[in-house]
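K.L.:
For reference, the structure I am asking about is given below.
The values are calculated or read from the model by the stated rules, or taken from the named source; none is laboratory data. None of the values given here were measured: they were computed from a predicted structure. Reconstructed Cβ throughout: ideal geometry from the backbone, glycine too, with neighbour counts over all protein chains shown. To get the accessible areas, we keep the full protein, side chains included, count just its heavy atoms, and leave off ligands, DNA and RNA. Shrake-Rupley method; radii C 1.70, N 1.55, O 1.52, S 1.80 Å.
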Amino acid sequence: MTSATATERSGRASPTPRPQARRPGTDHGAWFLVLPALIPILVLSVGPLLYGIALSLTDAQSGRTRATRWTGPLNFQDLLHDTLFWESFRIGLVWAVGVTLPQVVLALGLALLLNQNLRLRWLARALAIVPWAMPEVVVGIMWRLVYHPDAGVLNETIRDLGLGDGRDWLTGLGTALPAVIVVGIWSGMPQTTVALLAGLQNTPRELNEAAALDGAGAWRRFRAVTWPALRPVAVAVTALQFIWNVNSFALVYVLTSGGPGGRTRLPMLFAYEEAFRYGQFGYAAAMGCVMVAVISVMLSLYLVARLRGGAPR
């Protein structure tokens, strides 16, 4: 009895020590797991960005025999007085807003339709993402054929319906930008539809069924049940699509190359022309830095708004 009691007391007096928590930064093995993803980002993103910033502070040009000189912020000072650049910036904002807002509205309607229990719903969903699977160059070539002034499907349809002789949509001063915006809406809508459809499928069906039993119509159920649950996804998709559209290049380049008369010259197209048509590498790099700054501010505003609003439940 005495020895057992002593053993019990000794066990209480000397409890099993807890394992010490590992200090942050001592697990160097985690860095080896991150390196395969970190190295491509440093080489393909951070490296070119730093080189572009350095290039924007020089007078680098193509075909020069003398050494490139360090000019400091001179290229950025010239940009402040470049009316063509600010006009392209205005066109870029019109393009981004004109593509993003209709794209989200139409994608929301399509997502609501594809979320219903329809026959052959799987086929409709597969066909809805076809434009997303097509490269932008292919989309641009296809729509150039649609807009062709003589043999295009659009003008042929207008003639068959007796609505006129059609027009040259991509070279008209008043029709080029709207025609390009239509293509941007069509090509980007599948991605938005998929994101909104995923948000709809996470909405509890029991809430919709309960609202329907209470006599709520389709619009009231959407406004009171579906939209509050879908709003965080819709806001995120809208913000990211807007940033993506501001940064557009390939689709508009294939369709119009910035014409006619610069009516579809987006900022990235302007920077491309300055660099590879006129050889002003330093000036074009300054344009690229301005666009990176603008996109970074947009992304920061979005992230701050998300953090202030709190994570969606």
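K.L.:
Take each uninterrupted DSSP H stretch in the chain, measure its Cα extent along the helix axis, and return the ones at 27 Å or beyond whose mean Kyte-Doolittle hydropathy is at least 1.0.
P.N.:
83-114, 176-201, 227-246, 281-309
K.L.:
How high is the relative contact order of the chain? Use alpha-carbon pairs under 8 Å, at least six apart in sequence, and give a whole percent.
P.N.:
After rounding, I find 27 percent.
K.L.:
Which length gain, in nm to one decimal place, applies between TRP227 and ASP160 when the Cα-Cα distance is subtracted from 0.36 nm times their residue separation?
P.N.:
Taking TRP227 through ASP160 to full extension adds about 19.9 nm, to one decimal.
K.L.:
Can I ask one more? Going by the alpha-carbon gyration tensor, a ≥ b ≥ c the square roots of its eigenvalues, is the range 70-128 rounded (a/c under 1.5) or, if a/c is not under 1.5, prolate (a/b greater than b/c) versus oblate?
P.N.:
It comes out prolate by the Cα gyration axes.
K.L.:
Keeping all protein chains in place, calculate the accessible area per residue for the chain (probe 1.4 angstrom), answer in Å².
P.N.:
Per residue, the chain has an accessible area of 64 Å².
K.L.:
Under the classification rounded if a/c is under 1.5, otherwise prolate if a/b is larger than b/c and oblate if not, where does the range 230-269 fall, given a ≥ b ≥ c as square roots of the Cα gyration tensor eigenvalues? Display every interim value, and only then the final one.
P.N.:
Details: a/c = 3.72, a/b = 3.53, b/c = 1.05.
Note, shape of the range 230-269 comes out prolate.
K.L.:
Follow-up. Using +1 at the C-beta of Lys and Arg and -1 at the C-beta of Asp and Glu, which of PRO178, LEU33, MET142 has the Cα lying farthest in the positive direction of the dipole of the chain?
P.N.:
Looking along the dipole axis, the top candidate is LEU33.
K.L.:
Which FRET efficiency value, to the nearest 0.05, do you get for ARG205 and ASP78 by plugging their Cβ-Cβ distance into 1/(1 + (r/R0)^6) with R0 = 45 Å?
P.N.:
0.15
K.L.:
Filter the trypsin sites (Lys or Arg not before Pro) in the range 276-310 to those in DSSP coil with at most 10 other Cβ atoms within 10 Å of their Cβ, and list the result. Before the final figure, lay out the partial values.
P.N.:
Working: sites: ARG277, ARG306, ARG308; in loops: ARG277.
Answer in residue order: ARG277.
K.L.:
Here's something else I'd like to know. As a test of the formula, what do you get for the chain when each DSSP H run with n ≥ 4 contributes -39,500 (n - 2.57) and the sum is divided by the residue count, at 222 nm and rounded to the nearest 500 deg cm²/dmol? Before the final figure, lay out the partial values.
P.N.:
On the way: 16 runs with 209 residues, N = 313.
Theoretical 222 nm ellipticity from helices: -21000 deg cm²/dmol.
K.L.:
Around VAL237, with a cut-off of 15 angstrom between Cβ atoms, what is the net charge of the other residues, counting Lys and Arg +1 and Asp and Glu -1?
P.N.:
Combined, the nearby Lys, Arg, Asp and Glu give +2.
K.L.:
Mind jotting down the distance between the C-alpha centroids of the range 193-207 and the range 264-313, whole Å?
P.N.:
32
K.L.:
Net charge within 10 Å of VAL183 by Cβ-Cβ distance, Lys/Arg positive one each and Asp/Glu negative one each, not counting VAL183 itself?
P.N.:
Summing Lys/Arg as +1 and Asp/Glu as -1 gives 0.
K.L.:
Taking 0.36 nm per intervening residue step and subtracting the Cα-Cα distance, what contour gain separates LEU303 from ALA216 on full extension?
P.N.:
27.8 nm
K.L.:
Roughly how many percent of the accessible protein surface of the chain is carbon and sulfur, given a 1.4 Å probe and a whole-percent answer?
P.N.:
Answer for the chain is 65 percent, counting heavy atoms of protein chains only.
K.L.:
Give the label of the value calculated from the structure for Cα extents along the principal axes in Å, choosing from (1) 110, 73, 31; (2) 56, 43, 39; (3) 58, 53, 33.
P.N.:
Identified label for the calculated read-out: (1).
K.L.:
What percent do you get for the relative contact order of the range 220-296 when only Cα pairs under 8 Å and 6+ apart count?
P.N.:
Relative contact order, the range 220-296: 20 percent.
K.L.:
Cβ neighbours within 10 Å, averaged per peptide: list 291-304, 178-191 in order, most packed at the top.
P.N.:
178-191, 291-304
K.L.:
Continuing with the same structure: Of PHE222, TYR278, VAL252, which is farthest along the charge dipole of the range 165-313 in the positive direction, counting Lys and Arg as +1 and Asp and Glu as -1 at C-beta?
P.N.:
PHE222
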